[in-house]
Amino acid sequence: MNRTARLTLLSIAALAALLAVVWAMPFGAAPSAQAVEGPSITVNKVCTPEATVGGFVRYNFTITNNGSVPVDIDSVIDDHLGDITSQFSTTHLDPTQSTGIAIYYPTVLESDPRPLINTVDVSGHAGATPVSAQDTCRVDVPHLSITKRATFNDGTTTFTFVITNDGSVLLRRFLVTDTLLGDITLSFPLDIAVGESVTVEITVPRIECNNEVTATYQSVPRASLVTNTARCGEGGGPDFTVAKECSPKTGTVGDPINIKVTVTNIGTTPLTNVTVTDDPPVTLTLISGDDGNGILDPGEAWVYTGSYNPGTAGSFTDQATATATAPDGTVIVRVSNEETCQRESPPDGSRLTPTNTDCQDFRDGTATDLTAAAYGVRQKKINEVNPGVFFYYTPVTIASTAGIADQVKIEQSRTALAQFSIKFLRVWDPKAPPNDCSQLFTVAACVGLKECTFEVGQTGSFIVQVQYDSQSIKGTNVCPDAFSGLNLPTSTHTFSTKVAGALTTSDSLQVAPKAGSTC
């Protein structure tokens with residue numbers, strides 16, 4: 001925590017002014033005999049001799065006028081606590097008078113130096129003459145770090161434990177326990193000096209390194225308790241992890257599966273010759289994380305991406321494998337988590353559907369298959385086609401946007417009558433979440449036409465929706481004067497889809513006169 005952050009924490013007025021206790025030694029009484037002729041002050045700072053990370057530190061400050069003339073205190077600045085001038089009950093001191101406070105530093109941080117040494121500076125004046133004083137105190141902070149790694153041999157596992165005294169107190173009484181190996185304290189020396197690291201190796205029959213070790217130190221006589229734990233790879237030696245993602249999780253045949261693999265160095269040593277492979281084979285490209293030196297440094301995470309198209313329906317589950325070389329030449333191999341992406345077959349062919357059918361109905365296979373329509377005749381012309389609105393839904397899969405590969409053509413042929421003209425043509429994304437189709441675009445240029453050609457402009461699987469209604473063939477003369485006695489015609493209308501010029505799907509509709517209709 002930087003000083004600003006500390007001051008913010010310490011300045012919360014609701015915390016009883018920093019838990020500051022203005023102790024009232026009789027400030028009018030002299031703690032010691034007058035020592036200096038003229039203006040002079042002293043400051044005495046006393047702190048808790050030892051504190052652990054997360055613990056409190058108490059600071060006592062006493063400012064005394066040890067001169068022969070009155071002085072006024074202008075500022076009291078501590079390099080950890082900040083400006084604490086306002087915490088003193090008085091800033092005017094007559095000769096031999098003292099003022100003092102006790103402040104609790106809320107907590108010792110992991111980032112604080114060990115030992116925690118800080119200084120207070122007091123400035124004041126007697127008339128035009130400046131006065132100042134300074135004092136420093138030291139808080140010892142016991143601390144230890146432990147790392148653990150495993151080496152897998154032929155039939156055995158060697159665990160390497162390293163305990164480092166990175167505090168400012170001699171570690172003379174500590175306990176080391178492992179969740180699998182039990183109490184291993186006797187494997188370590190009796191004490192560890194400040195700044196010293198102790199390495200212990202223990203070999204056992206072959207097991208995985210999934211157990212946790214805990215080191216605990218308790219000082220005497222102050223009973224400061226310090227604990228740290230480690231598992232394999234947590235800050236000890238060379239190690240890395242591999243995480244894999246595939247997306248989108250669901251899709252339609254033709255939709256690519258995108259792969260993302262992240263390799264993270266969780267050890268303490270750099271790694272070289274990093275390789276990443278995926279099954280099924282995918283060309284993976286490093287896109288971020290490397291700082292340019294080609295070395296996977298501790299804490300660095302390299303991100304690889306790639307994609308492939310399975311081309312068939314099904315669930316595709318696979319893992320990525322990464323290798324890296326440790327400084328001693330050891331090749332480390334790690335395998336990622338399993339990831340599964342699914343690809344479903346597109347809707348089975350085109351379908352003509354009645355009024356009120358939507359994209360989701362077609363996608364889910366619940367849409368009614370419209371096979372017939374009826375028309376009436378009024379003044380020798382087609383009138384009131386029923387159903388009044390119907391749709392042609394067709395699935396399309398676009399594998400490329402090069403040339404005419406993404407060109408879609410909706411065609412219509414018939415054996416009699418006139419063709420239906422397009423009222424609306426829309427393109428939908430059938431996979432849109434949460435559980436509904438999403439309209440991608442409307443082909444406005446197709447409105448009023450009997451057939452239409454357009455470009456999708458992107459790869460993937462889509463649903464094309466064409467809307468027709470009774471108005472689209474109203475007015476066709478089905479009763480020529482010379483043939484008014486003939487039966488009214490029945491027409492087979494076939495609606496077809498072509499992608500890149502090749503026929504993909506089609507569906508047909510019988511359009512017949514309503515019963516009793518005549519010219």
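Things to note:
- Enumeration of residues in the stretch 402-449 that are hydrophobic (A, V, I, L, M, F, W, C), touching a residue at least 40 places away in the same chain (Cβ under 8 Å) and in a loop (DSSP other than H, G, I, E, B): Ile404, Ala405, Ala416, Leu417, Ala418, Phe420, Ile422, Cys437
- Count of the stretch 439-467 residues which are aliphatic (A, V, I, L, M) and over 25 Å from Pro256 (Cα atoms): 6
- Residue match in the stretch 230-245 (condition: of a type in the set (Gly, Ala, Ser), modelled with pLDDT of 80 or more and surrounded by 15 or more Cβ atoms within 10 Å (Cβ to Cβ)): yes
- Note on the stretch 321-366: residues that are among the hydrophobic types (A, V, I, L, M, F, W, C) and either touching a Leu at 6+ places or on another chain (Cβ under 8 Å) or at positive phi (or both) total 4.
- Counting only residues that are closer than 14 Å to Leu425 by Cβ and among the aliphatic types (A, V, I, L, M), the stretch 390-407 holds 1 of them.
- Residues in the stretch 14-29 include none that are under 30 Å from Val169 (Cβ atoms), modelled with pLDDT of 50 or more and crowded, with 18+ Cβ neighbours inside 10 Å.
- Pick from the stretch 74-91, criterion assigned to a loop (DSSP other than H, G, I, E, B) and of a type outside the set (Phe, Trp, Tyr), ranking: nearest to Val36 (Cα to Cα): Thr91
- Residue in the stretch 471-491 that is polar (S, T, N, Q), modelled with pLDDT of 90 or more and not in a loop (DSSP other than H, G, I, E, B) present: no
- Among residues of the stretch 487-505 that are within 30 Å of Val377 (Cβ to Cβ) and assigned by TED's automatic domain parsing to the domain that holds Arg414, those with a beta-carbon under 9 Å from a residue that is of a type in the set (Asp, Glu) and in a strand (DSSP E or B) at least six positions away or on a different chain give the pairs Thr494/Glu411; Thr494/Asp507; Phe495/Glu411; Phe495/Asp507; Ser496/Glu411; Ser496/Asp507.
- Exclusive hit being farther than 19 Å from Tyr105 by Cα and either touching a strand residue (DSSP E or B) at 6+ places or on another chain (Cβ under 9 Å) or at pLDDT 80 or above (or both), set Thr64, Thr4: Thr64
- Only one entry in Phe362, Phe424, Phe390 is closer than 14 Å to Phe462 by Cβ and in the same structural domain as Ser491 (by TED's automatic domain parsing), namely Phe362.
- Within the stretch 498-509, the residues that satisfy the criterion of being surrounded by 14 or more Cβ atoms within 10 Å (Cβ to Cβ) and either assigned to a strand (DSSP E or B) or more than 60 Å from the chain's Cα centre (by Cα) (or both) are Lys498, Val499, Thr504, Thr505, Ser506, Asp507, Ser508, Leu509.
- Among the conditions (1) of a type outside the set (D, E, K, R); (2) more than 16 Å from Pro70 (Cβ to Cβ); (3) touching a strand residue (DSSP E or B) at 6+ places or on another chain (Cβ under 9 Å), the only one that Thr96 does not satisfy is (2).
- Thr305 more than 21 Å from the chain's Cα centre (by Cα) and in contact (Cβ under 8 Å) with a residue 40 or more places away in the chain: no
Per-residue answers, yes or no, for (1) among the aliphatic types (A, V, I, L, M); (2) free of Cβ contacts under 8 Å to residues at least 40 places away in the same chain; (3) touching a Leu at 6+ places or on another chain (Cβ under 9 Å):
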residue	(1), (2), (3)
Ile117	yes, yes, no
Asp121	no, no, no
His125	no, no, no
Val131	yes, no, no
Asp135	no, no, no
Arg138	no, no, yes
Val141	yes, no, yes
Leu144	yes, no, yes
Arg149	no, no, no
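- Qualifying residues in the stretch 341-396 (those that are in a strand (DSSP E or B) and basic (Lys, Arg)) - the one modelled with the highest pLDDT: Arg351
- Applying the criterion of at least 1 residues that are under 35 Å from the mean Cα position of the chain (by Cα) and of a type in the set (A, V, I, L, M, F, W, C) to the strands (runs of 3 or more DSSP E) found wholly in the stretch 92-196 leaves 145-152, 156-164.
- Condition met for Thr268 (over 19 Å from the mean Cα position of the chain (by Cα) and among the polar types (S, T, N, Q)): yes
- When the stretch 318-330 is filtered for residues that are under 20 Å from Thr277 (Cβ atoms) and either free of Cβ contacts under 8 Å to residues at least 24 places away in the same chain or within 21 Å of the chain's Cα centre (by Cα) (or both), the ones remaining, listed by number, are Gln319, Ala320.
- Qualifying residue in the stretch 286-304 (condition: closer than 18 Å to Glu338 by Cα and either modelled with pLDDT under 90 or assigned to a strand (DSSP E or B) (or both)): yes
- Residue count, the stretch 487-512 (criterion: at positive phi and in contact with an Asp or Glu (Cβ under 8 Å, 6 or more places away or on another chain)): 1
- Restricting the stretch 259-285 to residues that are of a type in the set (S, T, N, Q) and over 14 Å from Arg334 (Cβ atoms), the residue that is modelled with the highest pLDDT is Thr272.
The values are calculated or read from the model by the stated rules, or taken from the named source; none is laboratory data. Since we're looking at a predicted model, the values are computed, not measured. So basically every Cβ, Gly included, is an ideal-geometry build from the backbone, and we count neighbours across all protein chains shown.
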